[in-house]
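Enquirer: Structure in structure tokens, see below.
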Amino acid sequence: MTVQIAGVASTPFGEHPDSSTRELFTDAALEALEDASLSVHDVEELYAGNFIGDVTDDQGHVGAMLADYLGARQAASMRTESACASASSAARSGAQAIGAGDADVALVGGVEMMSASGIEEVTDALANAADNEYENEAGLTFPGIYALMAQAYVNEFDATQEELAAVAVKNYENGVSNPISQRQEETDVESVLDSPPVATPLNLQDCCPITDGASAAVLVSESYAEERGLETTVSFVGSGQASDSLALQDRPDLARTRAAERAAEDAYERAGIGPDDVDVVELHDCFTIAEILAIEALGFFERGQGTRGAVEGETAVDGRIPVNTSGGLLAKGHPVGATGVAQIVEITKQLEGRHPNQVEDPTVGLTHTVGGSGASCVVNVLRGGE
Amino acid sequence: MIVQPWFVDFAEGIADGEPVYLACEDCDQVALPPRAVCPECGTRTLEERPLSETATVTSSTRIFSSIPAFADETPYTVVIATFDEGVRLTGQLRDADEVELGETVAVGVEQRGDDEWLVTFSPTD
Ligand SMILES: [Zn+2]
């Protein structure tokens, strides 16, 4: 059963002090349904990512809450949680429900409200994605974990802080053209290196910001789209998800993301493609080093060569393999529970030819979302019309 | 927060100078407690063995912005160190601000609060 994407939407990413988890998700969901020309009563399954709401809002049972406030009480609803990959798991679950013939319409998305909590509280909540005893009890933060990966990469491949910074420079520039992007200013290598240290070798501009935001996508079966006369050109053609050790210390190679390699292999096989067939990518650049590890895990660069992407323009909008044309997590922002579907929104717009940083005639798009330091990873593949 | 009994046992082992790790009798894979299943071959033949008290530094980072429990202690350094037996462990650096990759460090623990434990590493030179 072919799964098609009938509508997509993201709220502006940034600070929404007067909104809330339920209101922000409803905003994105209603816009996606409108984009699909469907109503809230058409939704059969609702899967939504949310990671830190238990801590920041004191609110669990988020799937039902979102279905309720969306006016979709008829829907089967569930929160999916896989840390920062939660929304990608939501999309995967929705596609599986339709692919199995169990449903014709699935609303998938995610939401996170982060800015109202203090930076320390948010850092603490995000640290729940790490191994509590072996990592958090040692005072290891999330930037700290990625810094350990970055240091291992620098040691193994003689990479430099300047090469890491090039990723931020590229993604900040892309973010400026994206109206929903949280960061609307360009940067340069010197400014990244001069920004305050967070966890060496990562500075503040190597790190994604704290973001409020929600995203949603309406997935439908091909037969339903025909029956309702929906205009759909983008298909959801393959998904892979895999795991790795929860704690970074248990990985034989700290500068390698095996869950991403496994998820990519699975997604490529299901989609019947390889890395060379991919035309545009949104991937999990929560830190500059993360983009470098990701483009290697996805097979776009040999191990140790990932720094070339941003430095030599191969991952630029007009490069060999455009990566994070939206600005990525670094510039667009990272409302953690929404990010995976936010990436699908951006790729769908690319494949429909309506992206603010449009790549020339892309056919195949890919999203890559990482939970924690790489203990989980979801890769989703989308295909546009000919 | 719930204190995990397995972690208290692990930390007290370090405190007593008798740290332990797990080794698979079938495939020789090494791991840390509290695993019941070998993460490599899937058998349940993990055996507890004594672990060295020194390790070498595999990666390190100096942390300037932290979670509430450690916010008043920044900056501090966290390292991942590798033991001769093959297992790796994460801990905070003591008696120095920085370490070289490959430098030898001794493992230790500090008790924080009633039953919370912090793994530490100190340069041996
Ligand atoms: Zn084994």
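No lab work stands behind these numbers, since they all come straight from the coordinates. This structure is a prediction, so every number in the text was calculated from the model and none was measured. Positions of Cβ are backbone-derived with ideal geometry, glycine not excepted, and every protein chain shown enters the neighbour counts.
Enquirer: Could you calculate the FRET efficiency of A:Phe157 with A:Arg320 from 1/(1 + (r/R0)^6), where r is the beta carbon distance between them and R0 is 22 Å, rounded to 0.05?
Expert: Calculated transfer efficiency: 0.65.
Enquirer: Once amide H atoms are placed 1.01 Å from N in the peptide plane, what residues at a sequence separation of 5 or more from B:Ser59, or on another chain, have their amide H within under 5 Å of its amide H?
Expert: Correct list: B:Ile80.
Enquirer: If you don't mind, there's one more thing I want to ask. Would you kindly state how much longer the chain becomes between B:Ala106 and B:Arg35 on full extension, computed as 0.36 nm times their sequence separation minus their alpha carbon distance, in nm to one decimal?
Expert: Working: separation 71, 0.36 × 71 = 25.56 nm, distance 2.42 nm.
That works out to 23.1 nm of additional length.
Enquirer: Using modelled amide H (1.01 Å from N, peptide plane; none on Pro or chain starts), what sits under 5 Å from the amide H of B:Val20, excluding residues fewer than 5 places away?
Expert: B:Leu51
Enquirer: Give the residue list of chymotrypsin sites (Phe, Trp or Tyr not before Pro) in region B:50-125 that are DSSP loop and have at most 12 other beta-carbon atoms within 10 angstrom.
Expert: none
Enquirer: Provide the net charge surrounding B:Val57, with neighbours chosen by a C-beta distance below 9 Å and charges set as Lys +1, Arg +1, Asp -1, Glu -1.
Expert: -2
Enquirer: Averaging sequence separations of C-alpha pairs under 8 Å and six or more residues apart, then dividing by the length of region B:5-123, give the relative contact order as a whole percent.
Expert: 22 percent
Enquirer: Ok, one more. Under a crude label model (7 Å from the Cα following the beta-carbon direction), how far is A:His61 from A:Asp18 in nanometres?
Expert: Going by the 7 Å Cα→Cβ label model, 3.0 nm.
Enquirer: To continue, here is another question. Mind giving me the FRET efficiency for B:Thr74 and A:Gln184? R0 is 30 Å, r the Cβ-Cβ distance, nearest 0.05 is fine. Numbers along the way, then the final one.
Expert: Details: r = 30 Å, r/R0 = 0.99.
E(calc), rounded to 0.05, equals 0.50.
Enquirer: Using θ = phi - 60° and the Karplus curve 6.51 cos²θ - 1.76 cosθ + 1.60, what whole-Hz ³J(HN,Hα) does each residue of region A:4-20 get, with Gly and Pro shown as x?
Expert: Result, rounded to whole Hz: 10, 9, 8, x, 9, 6, 10, 6, x, 9, x, 10, 10, x, 9, 9, 7.
Enquirer: With a 10 Å Cβ neighbour count serving as the proxy for reagent exposure, in which order, fewest first, do B:Thr43, A:Thr367 appear?
Expert: Ordered from fewest to most neighbouring Cβ atoms within 10 Å, B:Thr43, A:Thr367 come out as B:Thr43, A:Thr367.
Enquirer: Would you mind checking which residues have amide H under 5 Å from A:Cys377's amide H? H placed 1.01 Å from N; only 5 or more apart, or other chain.
Expert: Excluding prolines and chain starts, which carry no amide H, the hits are A:Ala242, A:Gly371.
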